[in-house]
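The values are calculated or read from the model by the stated rules, or taken from the named source; none is laboratory data. Given the structure is predicted, the values throughout are model-derived calculations rather than measurements. No Cβ is skipped: glycine too gets one built from the backbone with ideal geometry, and neighbour counts run over all protein chains shown. Surface areas here come from the heavy atoms of the whole protein model, side chains and all, with no ligands, DNA or RNA. Shrake-Rupley method; radii C 1.70, N 1.55, O 1.52, S 1.80 Å.
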Amino acid sequence: MKKFYVTTPIYYPNDIPHIGHAYTTIAADILARWHKLLGENVRFLTGTDEHGKKIQTAAEKQKKSPKEFVDNLIPKFKDAWKKLNISYDRFIRTTDKDHEKKVQEILQKVYDKGDIYLGKYEGYYCTGCEAYYTEKDLTGGCCPIHKTKIEKLKEPSYFFRLGKYQKKLLELYKKNPEFISPIFRKKEIINRIEEGLQDLSISRTSFDWGVPMPFDKKHICYVWFDALINYVSGADGFWPADVHLIGKDIIWFHTVYWPAMLISAGIEVPKKVFAHGWWTFDKEKISKSRGKVINVDELISIAGVDAARYFLFRETSFGEDGDFSEKVLIDRYNNELADKLGNLVSRVAALAEKYGLEKAITHTHRENSQNKLLKKLKLKQIEESFNELKIDKALNEIFSFIDACNEYVQNKKPWETHDKKILYELADSIKAIGILLWPFIPETAEKIAKQFGFEICYKQIKEPLKIKKIKKEEILFKKV
Ligand code: MSP
């Protein structure tokens, strides 16, 4: 059986999850469900990144131990994912014992290979980013991202021989042209590598919230070295990952540090790293301090879970930046989910209940190839879009077909003709729509499946709908 392994970044549990976290997690869920639909053996991993100075400092502010602090926030993440119908297989925490063991195992391997040496780090570090900066990266002495004063470190540290992997990384991108996706993000990474790769400081002695280096317990492993390994510790036999979904801000860690670490440890590299864009909120950068943040509960409260899932992948193309606006979400909900999809389903159900259905397909035809309407569905394009991770394109294609179905109703006027064959074609097409929408809006898709009596499985798209009594049910989307 074909396997598919997808991951999200593991999030810092220093606050409750917001739209940025939800975006990657829903994207991974859409991909996981799509591959399940195809009958593949799927693994979907998400979780939290719990070590490091950033978490330790946040805990200190609340006068809690780091573990106590994160233990309080984890249920918020799990709860958010439950509300959003996220079908992950494991929620990994970097404080999980099996993960910590894996980190030490990999550190030891890399050390034994001679790729780790003791030195002294002298330079800048932003705890907010959990990242190192050079003098020329800073803006007015401040972190380029957080605009806060930056720490200058001077302490003994173990280094990973990242510089040694410069050539190997460039070879990897060449041999595997989609390793960095979308392609337009690749050039920047290559340019930066070509400028020269410094060895990476991977341990600290000035705090203790993390995994101790197995060969020198006074040193605590750098949080990114620790975190990236989650993808392997949580793989459960599925490694290498088919795709790591991430935001564009963390592409360097995933396409440079991570493959170098793996090559050094003698572990296969993932097949692809896909970086999506960032959401702004009413055209402004999402920022908690300026109240420009939308958390998961707020997102869902606007028009429901499926509206949120739908909006995020309908509004912008996956890979590009997007702007979140409550008004636009509501407009799309009313005009597209309610007026296009909801109306189609309720109209056809009402007419089918009143006049009945008649299969236009004889029992000699095992496929519903005689459904003329269904011929307008571009399944090949949808499959291709999913293969290229153009999730928004796949969704657009499904909605073009919904438009085609609505036109068909308009043109054929079954409420005048009472034509049972036309109604059958429509119901059979709604089956295809329901199946294809399941990855995006599972709750709605399951309601449609129940109402029209079909199973959510890709093969069923081609199987004629078994005639069953269809009843008008409560409408799918009440207008907001
Ligand atoms: N802990 C690291 C990831 C380690 S993975 C081995 C981390 N965590 S994070 O919580 O800060 O961010 C997680 C993800 O949220 C990143 O992929 C980031 O791009 C994403 N987003 C944060 N704000 C975002 C938006 N405004 N829009 C879209 N995604 C954003 O980084």
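For the subset of segment 231-287 comprising residues that are under 18 Å from SER181 (Cα atoms) and basic (Lys, Arg), which member is nearest to the ligand (Cβ to nearest atom)?
Ranking the qualifying residues of segment 231-287, first place goes to LYS248.
For ASN335, which of the numbered conditions (1) touching a His at 6+ places or on another chain (Cβ under 9 Å); (2) open to solvent by 10 Å² or more (accessible area, probe 1.4 Å) fails to hold?
(1)
Can you give me the number of residues within segment 18-43 that are part of a strand (DSSP E or B) and within 10 Å of the ligand (Cβ to nearest atom)? Quick ask: steps written out before the conclusion?
As a first pass, look at segment 18-43 and keep what is part of a strand (DSSP E or B): 18, 41-43.
In the following step, the residues that additionally are within 10 Å of the ligand (Cβ to nearest atom) were identified as 18.
So the answer is 1.
What is the number of the single condition among (1) small (Gly, Ala, Ser); (2) touching a helix residue (DSSP H, G or I) at 6+ places or on another chain (Cβ under 7 Å); (3) in a helix (DSSP H, G or I); (4) within 11 Å of the ligand (Cβ to nearest atom) that ALA58 does not meet?
Of (1) small (Gly, Ala, Ser); (2) touching a helix residue (DSSP H, G or I) at 6+ places or on another chain (Cβ under 7 Å); (3) in a helix (DSSP H, G or I); (4) within 11 Å of the ligand (Cβ to nearest atom), only one is false for ALA58: (4).
If I filter segment 1-12 down to residues being more than 9 Å from the ligand (Cβ to nearest atom) and part of a loop (DSSP other than H, G, I, E, B), which single residue comes out as surrounded by the most Cβ atoms within 10 Å (Cβ to Cβ)?
LYS2
Restrict the check to segment 215-222 and report whether at least one residue is within 16 Å of the ligand (Cβ to nearest atom) and assigned to a loop (DSSP other than H, G, I, E, B).
yes
Within segment 61-101, track down each residue that is within 14 Å of GLY47 (Cα to Cα) and aliphatic (A, V, I, L, M).
Answer for segment 61-101, where residues must be within 14 Å of GLY47 (Cα to Cα) and aliphatic (A, V, I, L, M): VAL70, LEU73, ILE74, ALA80, ILE86, ILE92.
Here is a check on your reading of the model: is PHE207 within 13 Å of the ligand (Cβ to nearest atom) and either touching a Leu at 6+ places or on another chain (Cβ under 9 Å) or open to solvent by 10 Å² or more (accessible area, probe 1.4 Å) (or both)?
In short, no.
Yes or no: LEU423 buried (at least 20 other Cβ atoms within 10 Å of the Cβ), within 27 Å of LEU37 (Cα to Cα), touching a residue at least 12 places away in the same chain (Cβ under 8 Å) and among the hydrophobic types (A, V, I, L, M, F, W, C)?
So LEU423 passes the test.
Test of understanding: among ASP15, ASP71, which residue is part of a helix (DSSP H, G or I) and either open to solvent by 30 Å² or more (accessible area, probe 1.4 Å) or touching a residue at least 40 places away in the same chain (Cβ under 8 Å) (or both)? Outline the logic, then answer.
Numbers: ASP15 fails: part of a helix (DSSP H, G or I).
When all the criteria are applied, what remains is ASP71.
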